[in-house]
1. Distances over 22 Å make up what percent of all Cα-Cα pairs in the stretch 102-177?
2. Quickly rank 172-181, 99-108 as a protection proxy: mean count of other C-beta atoms within 10 Å, highest first.
3. Relative contact order for the stretch 95-227: what percent, with Cα pairs under 8 Å and sequence separation of 6 or more?
4. For all pairs of alpha-carbon atoms in the stretch 174-227, what percent lies in each bin of width 5 Å, listed from the first bin to the last filled one?
5. Could you grab the relative contact order for the stretch 102-177? Cα pairs under 8 Å, six or more apart, rounded to a whole percent.
6. Can you tell me the length gained on complete extension of the stretch residue 82 to residue 196, counting 0.36 nm per residue apart and subtracting the Cα distance?
7. Given the Cα-Cα distance of residue 149 and residue 89 and 0.36 nm per residue of separation, how much length would full extension add, in nm?
8. Describe numerically, in nm with one decimal, the distance between label points set 7 Å from Cα along Cα→Cβ at residue 189 and at residue 176.
């Protein structure tokens, strides 16, 4: 029976080593404590995946795609020196000048005429009737005769009606007075840390005359960037 047992062991060993998936064996020693903690590789892999997933979700790093770009505007400032002084503390800030309509006047006038001499004859006639006037020497209304400048359209229209009664068909033109004001602008992605940091510092510079607002980035195209 002993030879049959030896033969059986030899056959089993040959069959095991000649299998399709030959494996290499490593010497591993287990302590009694280790034996109760053995896991299958498949189970270990699932555990690692769960652990990494939880770590990623709890991380401070953003896990979503960056949002749309946003423009922060601080202002308006009344002069270049003030906006440049506030902008020195930022590396990514842009400074802009914006032309805007400060106010408007309403001109009552006759003409324009083909030449200064023609306008001068009408002007003399008006003075003879005690109607104050002056000849406009340049611009869009060159050689027209101004009969008054008013701060409201209503007052200008009333004056025009009075002249119409005296057979002078006058016109009223709104003339805007332009001013220049200055802005600090930052373009960034709202969820980024740099955006949050700059927005926080910009907010500290806001006061009763200047506000910090999110506006369309298209506005920048109409502004002139300062050197």
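Laboratory data are not the source of any read-out in this text; all were calculated from the coordinates shown. This one's a predicted model, so the numbers in the text were calculated from it and none came from an experiment. For neighbour counting, all protein chains shown are included, and Cβ atoms are generated from backbone atoms with ideal geometry for every residue, glycine included.
1. In whole percent, the long-distance tail amounts to 18.
2. Result, highest mean first: 99-108, 172-181.
3. 37
4. Reading upward from the zero bin: 4, 13, 23, 22, 20, 9, 4, 3, 2, 0.
5. 46
6. The residue 82-residue 196 span can extend by a further 38.7 nm.
7. Gain in length upon complete extension: 17.0 nm.
8. Placing both labels 7 Å along Cα→Cβ, they lie 3.7 nm apart.
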